[in-house]
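*Asks:* The following block contains the structure, expressed as structure tokens.
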Amino acid sequence: MNLGVQYYRAPFPDQEYWENDFRKIRESGLNTVQLWLLWGWIESKPGVFDFSDYDRLVELAEKNGLQVVLSTIAEIQPLWIFREVPGSEMIDSMGHKVISTMRHECNFGLTPGGCTDHPGVRERMKGFLEAAGKHYRDCQVLHGWDLWNELRWNIQADGLVCFCEHTLADFRAFLQKRYGSLDALNAAWKRRYIDWQDVAPGKAPDRPYQEMMAWEHFITDRADRHGAWRYSILRAADPNHVITAHGSCPTSNYYGNPETYPCDRGNDWNLANALDGIGCSSFPVWGGIDDAEFGSRVEMVHAAANGKHIWLSEVQAGRAGVGFNMTAEVRAAQQQRWIWNGLACGADTILLWCWRDEVFARESGYFGLDGQDEYAPERIAAMRETGNVLTQYSSLFAKYRPEEAQIGIVFSPGTYYLAWAQDGTAKRMSEAIDGYARCLVKRSLNATFLEAEHLENLAHFRLVILPRTIVLSAAQEAMLAGFVESGGTLLVEAECGAFNENGLYRYSEKRFLQRWGIAEAGRRQLAPAQVEFQLGERRFSLECEQWKTPLRKDGAQPARVFAWHGDQPLAAEYHCGKGRVVYLGSYFGNPALQNPQELLGDFLQEIARDAGVTPPFQLSDTDGKFVYVKTGRSGAQQLLFCFFSDAADHCRITLHREAQPRQFTELQTGRIFTPETDGSFLITPAHLNLTILREDI
């Protein structure tokens, strides 16, 4: 387990601090430092690479027993780029050249710089990546490379990009590869194009969906290929070390805005396939991220990594802020929960941002683990404790793997593309996923995430949830149908697959569910925005949004009806082959995120139980207070990670297993927890409101 901190974004911090800082970093329990290799700084003169300051920092790391992560910041381009490569500026959607400037938090270099589809820019970027890889490939303390920081490429473009001739040519090549011929594209889009040059990308939301969705898909694919291209260069230069990249958030949280497309920084699943791993940043206090959401973020990355490395390359170290507007402080208990939560979800490298308070522009005075916000001593003391535990049990954590999930939540990029093509944001789609994830976490139901283009392993799941999945391709529908026919349970919301992957609307009789005779009757007014459910003997109300889509009465007969719209089923269960479909005729995930609906969690828990989901444990006796638990195994030993909210001081855990559970040892304190006569354990938190338990064998 590498636990470290970002240290150097040239030329900060000043050299006068380096010696003492590295000694203090090591004493704080951290074992790794991260350094930003800024292209614009290192190659400030064309063809001359100056690594001297970084060399000194690497020497200090080795002297203090610290590993090093090198982040290649190729997106901060040199100031000479447009002199050396004339005409390489990005072009926005209005046909204007983009003016590049210094980035708001980086002291030297241009953003967004020249378009990387321009051959001249690519050649010079390749030269930087090769030089960095060759210079440090034999470094004895190099832990690995963070290839692409937060997957940035269009920051400060101040508009939608890039529409230069090189990118447009790449777009048309993408379409030719996807459709095979212009005739095939015309058939799919219902167009009459006569020349590929006439096929132009969508310009803005609220225009025809086909060109806009295709362009958005291309932008994602372009970023995926760019990441793979960077990897190929660095891998050729350094054959031995781990090479990862990380986004500012998981892919499903890139829902776009007026200046960015959804998923425009690539798709974590595709990036991880090309790299040695994938990661993300998380600033929980700044972003209002609690334990449940933090765990879901890491699980999203864990799902995309598919067994490869998971690096949390930027976790909030100190108080955040923008300019003169600061957020709340970061306390030790919060921070340690993020670290252990990340590890419990499968991360093998966690790097905090950053060691000292920043000194440049809008980040001045913020983010330092050893910052001047009065809580640095307690943070560092807690970090030392965690470092000691990680060192003492290094072999245990080296073999740790999180519990396999039996519930999958589908993320559909195509749905995001359609939502942005209409509204200029896919936020509602993203929040629908987060809402269902939160409900499951609150019920201690272990869930993971499935990307709609990667549904090959559905047989591993008992329950698959499709929140707001309004776009499905024929291939995706076939895999989902096979899952149901083979015995799986599928939970869908209104208008599932109402559009195909090209953005063309389907009548209800042409949709995915019609193969089982499940047909929607059409959109109805939302009012009232509640649905009365009946689950066995229980009656309860759930909030919904947008519209209600009841089912036709002349369709297949449901096995049971949970809710009605007049005399038409609105929420019902159908037996389909060996499996089941649970249909919810509105959207319930979004309200559950905005105003937590505990009863939606109860409903999902019942559906999961009927689907045959067997949770690894049962959580009880919490007095209604939130306790977040993750489980996994290190070889034959089970590990439990229990995170107690501020109001919670105990919980009871009953493990679901045939053999009588053995006793557990708390790693922080050595306390012993023994099972009671019913096999359950009463757990109380240790220091910092968490406890990590190892099964004794």
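*Asks:* Can you list residue pairs whose Cβ atoms sit under 9 Å apart, with the first residue in region 64-90 being assigned by TED's automatic domain parsing to the domain that holds Gly29 and over 24 Å from Ile350 (Cα atoms) and the second being part of a strand (DSSP E or B) and among the β-branched types (Val, Ile, Thr)? Count only pairs 6 or more apart in sequence or on different chains.
*Replies:* What qualifies is Gln77/Thr111; Met90/Val161.
*Asks:* Still on this structure, please answer the following. If you check every pair at least six apart or on different chains, which have Cβ atoms under 6 Å apart with a residue in region 277-291 that is under 8 Å from Glu314 (Cα atoms) first and a residue that is among the β-branched types (Val, Ile, Thr) second?
*Replies:* From residues that are under 8 Å from Glu314 (Cα atoms), the pairs are Cys280/Val301; Ser282/Val315.
*Asks:* Can you tell me which residue among Ala556, Ala527, Ala571 is over 30 Å from Met212 (Cβ atoms), of a type in the set (A, V, I, L, M) and surrounded by fewer than 16 Cβ atoms within 10 Å (Cβ to Cβ)?
*Replies:* Ala527
*Asks:* Among the residues of region 168-184, are any closer than 30 Å to Pro205 by Cβ and touching a His at 6+ places or on another chain (Cβ under 9 Å)?
*Replies:* For region 168-184, residues closer than 30 Å to Pro205 by Cβ and touching a His at 6+ places or on another chain (Cβ under 9 Å): present.
*Asks:* Is region 593-612 home to any residue that is outside the structural domain of Glu431 (by TED's automatic domain parsing) and among the polar types (S, T, N, Q)?
*Replies:* No, because not a single residue in region 593-612 is outside the structural domain of Glu431 (by TED's automatic domain parsing) and among the polar types (S, T, N, Q).
*Asks:* Which condition number does Phe533 fail, the rest of (1) closer than 22 Å to Gly408 by Cβ; (2) touching a residue at least 40 places away in the same chain (Cβ under 8 Å); (3) of a type in the set (A, V, I, L, M, F, W, C) being met?
*Replies:* (1)
*Asks:* Check Ile289, Ile278, Ile310, Ile350 and return the single one that is surrounded by fewer than 23 Cβ atoms within 10 Å (Cβ to Cβ) and either touching a helix residue (DSSP H, G or I) at 6+ places or on another chain (Cβ under 9 Å) or not assigned by TED's automatic domain parsing to the domain that holds Arg26 (or both).
*Replies:* Just a single option satisfies the conditions, and that option is Ile289.
*Asks:* Filter region 467-519 for residues that are over 19 Å from Gly414 (Cβ atoms), among the hydrophobic types (A, V, I, L, M, F, W, C) and part of a loop (DSSP other than H, G, I, E, B) and give the result.
*Replies:* Ile518, Ala519, listed by residue number.
*Asks:* Would it be correct to say that Asp183 is in contact (Cβ under 8 Å) with a residue 24 or more places away in the chain and charged (D, E, K, R)?
*Replies:* no
*Asks:* Has region 546-558 got any residue that is touching a strand residue (DSSP E or B) at 6+ places or on another chain (Cβ under 8 Å), at pLDDT below 95 and outside any helix (DSSP H, G or I)?
*Replies:* yes
*Asks:* Let me ask something else. Kindly establish whether Asp146 is touching a His at 6+ places or on another chain (Cβ under 9 Å) and either crowded, with 16+ Cβ neighbours inside 10 Å or free of Cβ contacts under 8 Å to residues at least 12 places away in the same chain (or both).
*Replies:* In short, yes.
*Asks:* Any chance region 226-246 includes a residue that's within 29 Å of Cys439 (Cα to Cα), assigned to a loop (DSSP other than H, G, I, E, B) and within 16 Å of the chain's Cα centre (by Cα)?
*Replies:* No, every residue in region 226-246 fails to be within 29 Å of Cys439 (Cα to Cα), assigned to a loop (DSSP other than H, G, I, E, B) and within 16 Å of the chain's Cα centre (by Cα).
The values are calculated or read from the model by the stated rules, or taken from the named source; none is laboratory data. Keep in mind that this is a model prediction, so the values were computed, not measured. Please note: Cβ atoms are built from the backbone with ideal geometry, for glycine as well, and neighbour counts cover all protein chains shown.
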